[in-house]
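Below: one structure, written as structure tokens.
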Amino acid sequence: MKVYLDNAATTPIDPSVLQVMYEVMESTYGNPSSIHAHGREARSLIERARKKIANLLNTSPSELFFTSGGTEAHNAALWGSIAAYKPEQVITSPIEHHAVLHTLEALKGEGMIRLRYVQVDGQGRVDLDHLGQLLQLHDKGKSLVSLMHANNEIGTLLDLDATAAICREHKALFHCDTVQTVGHYPHDLERSGMHFMACAAHKLHGPKGVGFLYVNHRVRIPAFLHGGAQERNMRGGTENVYGIVGMAKALEIAVLNMEEHRKHIQGLKSYLIGRLQETIPGVRFNGPLEPEESLYTVLNVSFPPTEMAEMLLFNLDINGISASGGSACSSGSNIGSHVLTAIGADPDRPAVRFSFSKFTTREEIDYTVEKLGEFAFQCNFNKI
């Protein structure tokens with residue numbers, strides 16, 4: 001049996017998305033920048049996709065810029081806003097995705113920013129009081145805040161409304177990594193309070209290699225890729241036409257079926273929690289489990305300590321189960337999960353992230369628990 005439980009890394013493409021992409025690849029091959037009929041046809045597809053995405057997220061098409069994915073979108077927002085507004089400080093958290101953390105560390109290394117980290121608790125929740133305190137260190141309008149909506153490893157959700165309100169009070173720019181939540185949670189960009197947000201199509205059953213950056217119309221950043229006039233002079237390079245069309249279709253499917261998919265996936269997550277608690281005494285979970293505080297597509301499981309910890313993921317893999325793992329760093333030389341280290345997770349306990357999609361089944365969960373139970377017996381989990 002083959003079981004795919006690594007949907008936070010990437011999702012299988014939806015057949016309906018694949019179909020519309022195939023039709024574009026087969027029949028619409030013109031360069032969107034060309035003024036002849038073939039080019040105009042490709043341009044029309046791009047702009048229709050932009051308008052569709054804008055309508056689904058309640059924003060203007062002029063605020064959406066297509067990119068190669070989330071990493072490029074984050075880089076464009078962070079480098080661009082810092083170049084344009086020169087904030088006196090940038091505030092982030094120690095559990096952000098590396099696409100954000102490494103970008104900010106590079107900016108700090110160039111001497112372009114003063115970087116500060118807001119505190120998080122043992123469940124990965126951002127201390128919003130501390131965020132307010134950090135924002136008071138500089139005059140209003142002199143800060144940039146970059147925080148993710150949902151953590152990709154442990155699923156902790158950020159209170160977007162409260163965070164945006166704090167940023168608004170201090171006139172701080174607010175960049176949000178929404179890569180794990182676009183298509184899974186409603187986003188009303190007209191009222192969100194975010195200045196920048198990012199999407200990667202492959203996180204919501206769309207194609208890899210395409211995404212978008214939302215830039216609120218009240219802010220201006222310089223071009224983030226030079227070489228052409230594409231994306232209203234903001235990102236040079238011939239557009240990924242079939243990828244853009246596929247992303248719009250994927251988001252449309254996700255938004256129209258959001259509640260149905262949420263109920264299905266949340267049910268599977270709750271079922272896995274219960275089965276693991278029954279099967280493996282001493283199992284714990286990293287991140288909150290309450291639906292209002294936790295991304296419903298992600299469950300980070302902390303297993304009891306064992307000398308066979310390094311074999312856990314391998315054991316899953318040889319049984320046809322795909323998941324991702326990582327424990328907290330146990331020493332300065334040990335490269336582990338920066339997220340689990342930041343929340344103080346036990347470095348002796350192996351951790352596995354299981355992430356679900358609309359295609360995941362209860363039978364797959366049962367099979368996974370069965371194989372985990374067998375591994376637990378082999379390495380004496382139950383005696384700890």
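Table for the structure above
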quantity	calculated
For segment 38-49, 3J(HN,Hα) per residue [Karplus equation, 6.51 cos²θ - 1.76 cosθ + 1.60, θ = phi - 60°, Hz, x = Gly/Pro]	5, x, 5, 5, 5, 4, 4, 5, 4, 6, 5, 5
Interchain or long-range residues, amide H under 5 Å from residue 321's placed H	3
Approximate shape of the chain as ellipsoid semi-axes (Cα gyration tensor, √5λ), whole Å, largest first	36, 28, 17
Most fluctuating residue given options 74, 98, 36, as computed from a GNM of the chain linking Cα atoms under 10 Å	36
Euclidean distance of C-alpha centroids, segment 283-323 and segment 1-53, integer Å	34 Å
Per-residue ³J(HN,Hα) for segment 141-155, Karplus 6.51 cos²θ - 1.76 cosθ + 1.60, θ = phi - 60°, Hz, x for Gly and Pro	x, 10, 10, 10, 10, 10, 9, 8, 6, 9, 6, 6, 9, 10, x
Packing-based exposure ordering (other Cβ within 10 Å, fewest first) of 11, 28, 238, 360	238, 28, 360, 11
Entries in 2/358; 86/203; 249/358; 2/371; 52/263; 203/269 that, when Cα-Cα distance is taken, lie over 21 Å	86/203; 52/263
Lys, Arg +1 and Asp, Glu -1 on Cβ, resulting dipole of the chain about Cα centre, debye, nearest 20	1040 debye
GNM top mover of 211, 111, 373 - the chain, alpha-carbon springs below 10 Å	111
Footprinting exposure proxy for 105, 153 (fewest neighbouring C-beta atoms within 10 Å first)	105, 153
Under-5 Å amide H pairs with residue 148, H placed in peptide plane, nonlocal only	177
Antiparallel DSSP beta bridges within the chain, as percent of all bridges there, nearest 5	55 percent
Net charge contributed by nearby residues that have their C-beta within less than 13 Å of residue 99 (K/R +1, D/E -1)	-3
Likely footprinting exposure, 364, 47, fewest C-beta neighbours within 10 Å first	47, 364
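All of the numbers you see were taken from the coordinates with simple rules; none came from a lab. From a predicted model like this one, the values you see are computed outputs, not experimental measurements. Every residue, glycine among them, receives a Cβ derived from its backbone with ideal geometry; neighbour counts consider all protein chains shown.
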